[in-house]
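Structure, as structure tokens:
The values are calculated or read from the model by the stated rules, or taken from the named source; none is laboratory data. It should be emphasised that the depicted structure is a prediction, and the values quoted were computed from it without experimental measurement. Every residue, glycine as well, gets a Cβ built from its backbone with ideal geometry; the counts of neighbours run over all protein chains shown. These area figures cover heavy atoms from the full protein model, side chains too; ligands, DNA and RNA do not enter into them. Shrake-Rupley method; radii C 1.70, N 1.55, O 1.52, S 1.80 Å.
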Amino acid sequence: MSTATSHPASRPVLGCIADDFTGATDLANMLVRAGMRTVQAIGIPHDGHAGDEAIGADADAIVVALKSRTIPAADAVQQSLAALRWLQAQGCSRFFFKYCSTFDSTDDGNIGPVAEALMAALGTDFTLACPAFPENGRTIFRGHLFVGDVLLNASGMEHHPLTPMRDPNLVPVLARQSQGKVGLLRYDAVMGGAQAARDQAQRLRADGVKLAIADAISNDDLIVLGEAFADLPLLTGGSGLALGLPAQYRRAGLITEHGNAAQLPAVAESAIVLSGSCSRATNAQVAHWRVSRPAFQIDPLALAEGQPVVVDALDFVQRHAGQPVLIYATSAPEQVAHVQKALGVERAGKLVEEALGRIARTVHADGVRRFVIAGGETSGAVVQALNVRALRIGPQIDPGVPWTATIGDDPVALALKSGNFGTVDFFEKALVQLTQATEEAAA
């Protein structure tokens with residue numbers, strides 16, 4: 001691997017572009033765990049906004065969180081290239097395009113077009129595509145994506161309402177989205193170590209491959225991939241692929257050791273849980289909470305009829321003042337299908353996101369400073385409603401989900417959870433952990 005000139009301590013090395021908000025915090029969490037001081041920008045910062053000039057100060061990595069996973073591919077490309085230009089202006093020299101560890105994208109989806117556009121902008125003719133995240137059960141073998149012990153298309157995750165994934169063979173999936181040739185960096189090469197992986201990559205490049213799906217079934221494999229390919233201008237994948245990068249950047253003199261990269265400021269106590277995800281994991285988390293804690297369900301059909309659902313939800317919060325409550329639109333797949341048939345997929349999602357965003361904005365004005373958010377689209381709606389510009393990444397709650405805090409005075413803490421992440425008691429666990437972390441910060 002090449003050894004580039006060291007960057008000043010105040011300039012970031014790694015610039016990341018994530019296609020949704022929870023995916024961004026997932027990646028940032030991985031980097032912080034490995035010792036990289038990481039901040040997350042909510043959208044592409046623009047000159048003239050107070051505080052934007054300090055987003056990358058004293059950070060090793062910046063993650064720009066877009067909301068581009070389900071928008072038209074041309075728009076996703078445009079936004080991603082704009083994010084790349086901003087990250088280059090901050091001094092970043094390595095780049096990472098982050099998407100979901102279940103590779104959830106339709107055949108005309110955004111992963112291939114965005115990856116190829118970024119490659120062209122960076123002048124590189126080869127990169128990896130590796131959504132593996134073994135800690136959360138996502139592994140790739142012979143190019144096929146597994147969730148736990150079963151292929152993706154038999155896991156229950158294949159029926160995503162916006163980005164279904166019914167083909168577990170990632171090579172043809174990515175090939176259908178891409179202009180260039182797609183190949184496979186096989187597990188036997190990865191198992192052979194970094195040099196064997198580089199040698200196989202060279203053979204793929206000689207054969208005209210531009211994007212290579214990389215097999216990985218363990219964290220050790222991800223470390224090998226990091227060692228082999230950390231010097232590529234661009235990598236693409238899930239957060240797991242970032243696991244091996246920080247050690248290589250330190251070895252190359254690009255970053256130095258720091259103290260606690262995950263330390264967050266003290267945050268006021270009042271808390272709320274907001275859930276828009278309808279994933280299997282989030283359904284279980286909502287059910288677990290409802291056994292013994294207060295919860296209010298948002299009905300999209302009632303929202304569509306103009307009923308005062310948001311007002312009723314806020315009244316519910318007030319009646320339970322002094323304790324965290326759950327406001328949720330989470331429901332079973334058959335109910336989701338019924339609502340989407342009645343309202344349309346886009347309108348149903350937008351109604352819920354707008355309602356939860358209004359609730360978040362109102363409770364924040366009333367003093368709530370701790371938010372647990374379930375679902376990528378919901379997380380995006382809430383951070384936009386709260387006008388969050390950037391986040392400092394804190395300690396991990398569960399694999400892929402850290403606590404974060406806004407940068408500046410009167411900080412707000414946010415746990416932005418991808419729908420399928422987290423244990424069944426995630427909501428309760430997150431709130432307890434933040435209380436403990438806040439007490440430690442205040443000590």
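Having 3 or more residues that are over 30 Å from Val147 (Cα atoms) and touching a residue at least 12 places away in the same chain (Cβ under 8 Å) is the bar; report the helices (runs of 4 or more DSSP H) wholly within segment 343-443 that clear it.
Where helices (runs of 4 or more DSSP H) fall fully within segment 343-443 and carry at least 3 residues being over 30 Å from Val147 (Cα atoms) and touching a residue at least 12 places away in the same chain (Cβ under 8 Å), they are 345-365, 426-442.
Which count do you get for residues in segment 164-197 that are of a type in the set (S, T, N, Q), surrounded by fewer than 18 Cβ atoms within 10 Å (Cβ to Cβ) and either closer than 27 Å to Ala74 by Cβ or without any contact (Cβ under 8 Å) to a residue 12 or more places away in the chain (or both)?
Result for segment 164-197: 3.
Only one of (1) farther than 22 Å from Ala28 by Cβ; (2) open to solvent by 10 Å² or more (accessible area, probe 1.4 Å); (3) at pLDDT 90 or above; (4) among the hydrophobic types (A, V, I, L, M, F, W, C) is not met by Val363, so which one is it?
All conditions pass for Val363, except number (2).
From the list Ala413, Ala405, which one is among the hydrophobic types (A, V, I, L, M, F, W, C) and over 16 Å from the mean Cα position of the chain (by Cα)?
Sole residue among the options that is among the hydrophobic types (A, V, I, L, M, F, W, C) and over 16 Å from the mean Cα position of the chain (by Cα): Ala413.
Only one of Val345, Val388, Val383 is more than 20 Å from Thr70 (Cα to Cα) and either of a type in the set (Val, Ile, Thr) or touching a Leu at 6+ places or on another chain (Cβ under 8 Å) (or both); which? Walk me through it before giving the result.
Numbers: Val345 fails: more than 20 Å from Thr70 (Cα to Cα); Val383 fails: more than 20 Å from Thr70 (Cα to Cα).
The conditions single out Val388.
So which residues in segment 398-419 are buried (at least 24 other Cβ atoms within 10 Å of the Cβ) and out of contact with any Leu (no Cβ under 8 Å at 6 or more places or on another chain), if there are any at all?
Gly400, Pro402, Leu416, Lys417, Ser418, Gly419
Looking only at residues in segment 81-110 that are hydroxyl-bearing (Ser, Thr, Tyr) and within 28 Å of Ser155 (Cβ to Cβ), which one is surrounded by the most Cβ atoms within 10 Å (Cβ to Cβ)?
Our first condition is that a residue be hydroxyl-bearing (Ser, Thr, Tyr); within segment 81-110, this holds for 93, 99, 101-102, 105-106.
Cutting the leftovers down to within 28 Å of Ser155 (Cβ to Cβ) gives us 99, 101-102, 105-106.
Values: Tyr99: 28, Ser101: 30, Thr102: 23, Ser105: 26, Thr106: 18.
So the residue we want is Ser101.
Take segment 285-322 and flag every residue that is surrounded by fewer than 17 Cβ atoms within 10 Å (Cβ to Cβ), under 19 Å from Gly367 (Cβ atoms) and small (Gly, Ala, Ser).
Across segment 285-322, the qualifying residues are Ala321, Gly322.
With the requirement that a residue be in contact (Cβ under 8 Å) with a residue 40 or more places away in the chain and more than 30 Å from Phe316 (Cβ to Cβ), what does segment 252-273 give you? Walk me through it before giving the result.
From segment 252-273, those in contact (Cβ under 8 Å) with a residue 40 or more places away in the chain are 252-258, 261-273; that's our starting set.
Selection gives Ala252, Gly253, Leu254, Ile255, Thr256, Glu257, His258, Ala261, Ala262, Gln263.
Quickly run through segment 111-139 and pick out the residues that are part of a loop (DSSP other than H, G, I, E, B) and open to solvent by 10 Å² or more (accessible area, probe 1.4 Å).
Result: Gly123, Thr124, Asp125, Gly137.
Is there a residue in segment 335-350 that is of a type in the set (S, T, N, Q), at pLDDT 95 or above, over 25 Å from the mean Cα position of the chain (by Cα) and open to solvent by 30 Å² or more (accessible area, probe 1.4 Å)?
no
Give me the residue from segment 140-163 that is assigned to a loop (DSSP other than H, G, I, E, B) and over 24 Å from Gln340 (Cβ atoms) and, out of that set, most open to solvent (accessible area, probe 1.4 Å).
Top of the filtered list is Asp149.
Considering every residue within segment 202-213, establish whether at least one is under 24 Å from Arg33 (Cβ atoms) and either open to solvent by less than 10 Å² (accessible area, probe 1.4 Å) or not hydroxyl-bearing (Ser, Thr, Tyr) (or both).
Scanning segment 202-213 turns up no residue that is under 24 Å from Arg33 (Cβ atoms) and either open to solvent by less than 10 Å² (accessible area, probe 1.4 Å) or not hydroxyl-bearing (Ser, Thr, Tyr) (or both).
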